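**Q** Structure provided below as structure tokens; questions to follow.
The values are calculated or read from the model by the stated rules, or taken from the named source; none is laboratory data. Not measured: the values here are computed from a predicted model. Counting neighbours? That spans all protein chains shown, and the Cβs are built from the backbone with ideal geometry, glycine included. Ligands, DNA and RNA are excluded from the accessible area calculation, which covers all protein heavy atoms including side chains. Shrake-Rupley method; radii C 1.70, N 1.55, O 1.52, S 1.80 Å.
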Amino acid sequence: MTTALALLSALLYAAAPPLLAVVQARDPHHDTVRDPVSDYALGTARGLFQWHGHLGTLAAALMAGVMHLAGLPGWLVACMAAVVLARIGVLLFPTDLEGAPKTASGRLHMGFAVASFALYYTVADNATPLLAPAAPPALAGVLIALRWLCAWALAALVACLLLPPLRRWFGLAERVFLIAVPAWFAAASLAIAVR
């Protein structure tokens, strides 16, 4: 059962980056280098953005179960469960567009997004040393490389948020993170499936 669920998890995570590309193609008015991904929730790609969000939420919930069944530490499973809640918050509370007045919904959206990004990275960073040694060498290498890509992308995201001269690069940093994270979780799911 663990293997089947892990393979399903890998499939859901592998579908996330292509679906994000479809969302971006559907609403080309947003600058992929500058604008946050959440801006798509307010444009012509709103429906697709919601599907992308629900897919990621389902994948996170499934991954929490897979990690539990695989015997990973309970606190990592709890982090994945918290990711599910944070993702629901991101979907429930729309963001504020750049330059628009700040709203309570936008602040909540930002809080949930920050929480989900931090939790995702925490899981990837701490689960890699647990999964890589038992994985086939090529898959272990992928896990380790994606762990570092997640770290660098998250650091770039934070820098773009905090340093005004870098804000014009926020969208790119976020997109790299939002591709690296599901790629890591797809690889982690496969590592669990083949154990």
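**Q** Need pairs with beta-carbon distance below 9 Å; first residue aromatic (Phe, Trp, Tyr) and within segment 66-79, second open to solvent by 20 Å² or more (accessible area, probe 1.4 Å); sequence gap 6+ or separate chains.
**A** Short answer, once both residue conditions are applied: Trp75/Asn126.
**Q** Within segment 14-39, track down each residue that is assigned to a helix (DSSP H, G or I) and over 18 Å from the mean Cα position of the chain (by Cα).
**A** Across segment 14-39, the qualifying residues are Ala25, Arg26.
**Q** Follow-up question, since we're still on this one. Restricting to segment 24-47, what's the tally of residues that are open to solvent by less than 60 Å² (accessible area, probe 1.4 Å), more than 18 Å from Ala113 (Cα to Cα) and of a type in the set (A, V, I, L, M)?
**A** Of the residues in segment 24-47, 2 are open to solvent by less than 60 Å² (accessible area, probe 1.4 Å), more than 18 Å from Ala113 (Cα to Cα) and of a type in the set (A, V, I, L, M).
**Q** Yes or no: segment 44-62 includes at least one residue that is at pLDDT 90 or above, of a type in the set (S, T, N, Q) and either farther than 24 Å from Val176 by Cβ or more than 17 Å from the chain's Cα centre (by Cα) (or both).
**A** no
**Q** With among the aliphatic types (A, V, I, L, M), closer than 21 Å to Leu8 by Cα, part of a helix (DSSP H, G or I) and open to solvent by 40 Å² or more (accessible area, probe 1.4 Å) as the only criterion, which of Ile179, Ile144 stands out?
**A** Ile179
**Q** Any idea how many residues of segment 113-141 are surrounded by fewer than 21 Cβ atoms within 10 Å (Cβ to Cβ), touching a Lys or Arg at 6+ places or on another chain (Cβ under 8 Å) and of a type in the set (A, V, I, L, M, F, W, C)?
**A** 1
**Q** Separate question: For the structure I just gave you, tell me whether Leu154 is open to solvent by 50 Å² or more (accessible area, probe 1.4 Å), within 24 Å of Asp31 (Cβ to Cβ) and modelled with pLDDT of 95 or more.
**A** Against the criterion (open to solvent by 50 Å² or more (accessible area, probe 1.4 Å), within 24 Å of Asp31 (Cβ to Cβ) and modelled with pLDDT of 95 or more), Leu154 does not qualify.
**Q** Just to check your reading of the model, which residue among Leu166, Leu162 is open to solvent by 10 Å² or more (accessible area, probe 1.4 Å), at negative phi and out of contact with any Cys (no Cβ under 6 Å at 6 or more places or on another chain)?
**A** So the residue among Leu166, Leu162 that is open to solvent by 10 Å² or more (accessible area, probe 1.4 Å), at negative phi and out of contact with any Cys (no Cβ under 6 Å at 6 or more places or on another chain) is Leu162.
**Q** Tell me which residues, restricted to segment 1-13, are surrounded by 16 or more Cβ atoms within 10 Å (Cβ to Cβ) and not in a helix (DSSP H, G or I).
**A** Listed by number, the list is empty, since nothing qualifies.
**Q** Of Ala100, Ala16, which residue is in contact with a helix residue (DSSP H, G or I) (Cβ under 9 Å, 6 or more places away or on another chain) and open to solvent by less than 20 Å² (accessible area, probe 1.4 Å)?
**A** Ala16
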